[in-house]
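The values are calculated or read from the model by the stated rules, or taken from the named source; none is laboratory data. This is a predicted model, so every value here is computed, not measured. Here the Cβ positions follow ideal geometry from the backbone for every residue, glycine too, while neighbour counts run over all protein chains shown.
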Amino acid sequence: MTDTNHPARESMEYDVVIVGAGPSGLSAAIRLKQIDPDLSVVVLEKGSEVGAHILSGAVLDPIGLNRLIPDWKERGAPVRTAVTDDNFYVLGEGGQVRVPNWPMPRLMNNHGNYIVSMGSVCRWLAEQAEELGVEIFPGMAASQVVWDGDRVKGVVAGEMGLQSDGTPGPNYEPGMELHGKYVFIGEGVRGSLAKEIINRLNLSEGHEPQKYGLGMKEIWEVDPSKFQKGRVVHTMGWPLGRNAGGGSFIYHYEDNLVMLGFVVHLNYENPYLYPYMEFQRFKHHPMVAELLEGGKRISYGARAISEGGYQSLPELSFAGGVLLGCSAGMVNVPRIKGNHNAMISGIEAAEAAAAAIAAGREGDRLSDYDTAVRTGAIGQDLRKVRNVKPAWSRYGLWPSLILGGMDMWGAGLTGRNILGGWKHGKTDAEATGKAAKFKPIDYPKPDGKLSFDRLTNVAFSFTNHGESQPCHLKLKDPTIPIRVNLPEYALNRPWFTGE
Ligand SMILES: Cc1cc2nc3c(=O)[nH]c(=O)nc-3n(C[C@H](O)[C@H](O)[C@H](O)COP(=O)(O)OP(=O)(O)OC[C@H]3O[C@@H](n4cnc5c(N)ncnc54)[C@H](O)[C@@H]3O)c2cc1C
């Protein structure tokens, strides 16, 4: 049975259908073919090419890559810039305090990690996958889940020509159904198919709500005299202060390119807070401005980051498939790293599916995968930091640095969290306060040199959308923005009205 109002589609059968050519999906594809070259494996990627939708610029913990392709160096992986210098600062408005490395929990240490362009890493992973015989279809979104009762049987791919109201337009193409013995969902954070599956099968029941941050990144070409290849800087404090959790990262990559970004936790109370402008303002801090002055912004991007961690992982397997990487939320928040866990999740899922298929199974639950994630390397990585985000939400920056630091130290040494297992308690939306309780925040106007207005910066994201394509964000009740959000949460500021 297929949940669709559109014409019957042709179908193709695969052993494993993978949605998303991110680090999780590509690692799964590679591992499947390493185990059994005869398995038929297809990867669908909605970006025009692999890597097009990956927010590049990351510090990669190579633990997943080492396990997947141990000779990655010899194979020319674009993983070349080893971290040489690791710094953590707490910023005030006009200055900064460096937190020395010695009291930092060992897991926060970036030595042994690499500064990479994840877009390039994904393109290289795709080449490795194709060499093994994986079929990769870029430019092809999986737009619907194909259900057989409560089993996920496949996805619809390549449906095109829908109008903005979701009805077929004159150039409508129904696409195809791709059926798999198992379907892996590797869409990244808050993907539409993952949301549908999690909701329909209640996969989050009994788990804490997922939490999110908004991450923004810019790549800058800086004055060569200021560039220090391999240098990593993380900051907290100004400009967010007590208004919100979050912080920045500055990675000196290669060729005078610096990847600079800012994350704002979305459980802030003050509805006047504008994450984008916090990022722009951050670049005017003397320490950051000094680095950027005389440089050039090359690109911009923004996307959500999952922050719920261990306690927010939903059930990871369901009849006919699994959730990979950030489709389930596998980011280690204090480390701001999720690529290593995404890769390991792909490997674990592949191993579980290959074993099941070899045993003649199909379409059932891969509960071995669920167990491997919770009790293996990913679970261990996430458990150690499980109290950092709840401590931050409850007590703010300094107490959470001390409490979270102690808990991470304890967990690193003994494997147990001295604070136990704290809960998030509520969703980010439930944390938002009413505008009447807060004063508007007066953000300085972007100067066009270090800071930029949002529309100009969006042009540097190089994203492309058809004017008439249906919007994937759907309002459940279209009257709410005017009836509730505007009067109660003051959503009439320039950045919402486009003035
Ligand atoms: C600002 C920011 C900074 C970060 N910094 C780091 C860092 O320094 N180090 C680190 O390790 N991690 C970092 N992360 C986290 C890291 O990006 C994620 O953990 C990682 O990308 C998860 O990999 P994934 O494969 O699950 O999903 P993704 O990397 O998001 O890949 C998903 C892919 O699926 C595609 N897709 C989605 N839906 C569909 C669909 N329906 N059909 C077809 N294709 C689809 C997307 O286009 C995308 O290519 C950062 C995240 C953010 C937001």
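Residues of the range 440-462 being under 12 Å from residue 280 (Cα atoms) and out of contact with any Leu (no Cβ under 8 Å at 6 or more places or on another chain), which ones?
To start, the set of residues in the range 440-462 that are under 12 Å from residue 280 (Cα atoms) comprises 443-454, 457.
Result: 443, 444, 445, 446, 447, 448, 449, 451, 452, 453, 454, 457.
Going by the conditions given, is residue 116 among the β-branched types (Val, Ile, Thr), within 25 Å of residue 258 (Cα to Cα) and within 13 Å of the ligand (Cβ to nearest atom)?
Numbers: among the β-branched types (Val, Ile, Thr): yes; within 25 Å of residue 258 (Cα to Cα): yes; within 13 Å of the ligand (Cβ to nearest atom): yes.
Criteria met by residue 116.
If we keep just the residues of the range 197-226 that are among the small types (Gly, Ala, Ser) and part of a strand (DSSP E or B), which is farthest from the ligand (Cβ to nearest atom)?
213
Being among the small types (Gly, Ala, Ser) and exposed (fewer than 12 other Cβ atoms within 10 Å of the Cβ) is the filter here; which residues of the range 460-489 pass it?
466, 468
Can you name the number of the only condition in (1) free of Cβ contacts under 8 Å to residues at least 40 places away in the same chain; (2) closer than 22 Å to residue 16 by Cα; (3) within 16 Å of the ligand (Cβ to nearest atom) that residue 373 fails?
Among (1) free of Cβ contacts under 8 Å to residues at least 40 places away in the same chain; (2) closer than 22 Å to residue 16 by Cα; (3) within 16 Å of the ligand (Cβ to nearest atom), residue 373 violates only (1).
Assess whether residue 361 counts as being surrounded by fewer than 20 Cβ atoms within 10 Å (Cβ to Cβ), more than 13 Å from the ligand (Cβ to nearest atom) and closer than 30 Å to residue 236 by Cα.
no
Restricting to the range 6-59, and then to whatever is in a strand (DSSP E or B) and near the ligand (Cβ under 7 Å from one of its atoms), can you tell me which residue is farthest from residue 465 (Cα to Cα)?
Within the range 6-59, the match that is farthest from residue 465 (Cα to Cα) is 59.
Going through the range 227-249 one residue at a time, which ones are at pLDDT 95 or above and out of contact with any Gly (no Cβ under 8 Å at 6 or more places or on another chain)?
Once the filter is applied, which keeps residues that are at pLDDT 95 or above and out of contact with any Gly (no Cβ under 8 Å at 6 or more places or on another chain), the range 227-249 yields 227, 228, 229, 230, 231, 232, 233, 239.
Looking at (1) touching a Ser or Thr at 6+ places or on another chain (Cβ under 7 Å); (2) modelled with pLDDT under 95; (3) not hydrophobic (A, V, I, L, M, F, W, C), which is the one condition that is false for residue 110?
So the condition that residue 110 fails would be (1).
Could you check, for the range 368-375, whether at least one of its residues is within 16 Å of residue 29 (Cα to Cα), surrounded by 20 or more Cβ atoms within 10 Å (Cβ to Cβ) and assigned by TED's automatic domain parsing to the domain that holds residue 21?
Yes, there is a match, as at least one residue in the range 368-375 is within 16 Å of residue 29 (Cα to Cα), surrounded by 20 or more Cβ atoms within 10 Å (Cβ to Cβ) and assigned by TED's automatic domain parsing to the domain that holds residue 21.
One residue is enough: does the range 263-286 have a residue meeting the conditions within 21 Å of residue 25 (Cβ to Cβ) and β-branched (Val, Ile, Thr)?
Keep residues of the range 263-286 that are within 21 Å of residue 25 (Cβ to Cβ), which gives none.
No, every residue in the range 263-286 fails to be within 21 Å of residue 25 (Cβ to Cβ) and β-branched (Val, Ile, Thr).
Do any strands (runs of 3 or more DSSP E) lying entirely in the range 151-196 carry at least 2 residues that are touching a strand residue (DSSP E or B) at 6+ places or on another chain (Cβ under 9 Å), within 16 Å of the ligand (Cβ to nearest atom) and modelled with pLDDT of 95 or more, and which ones are they?
Numbers: elements: 151-157, 160-162, 168-173, 176-185.
Filter on the range 151-196 gives 151-157, 176-185.
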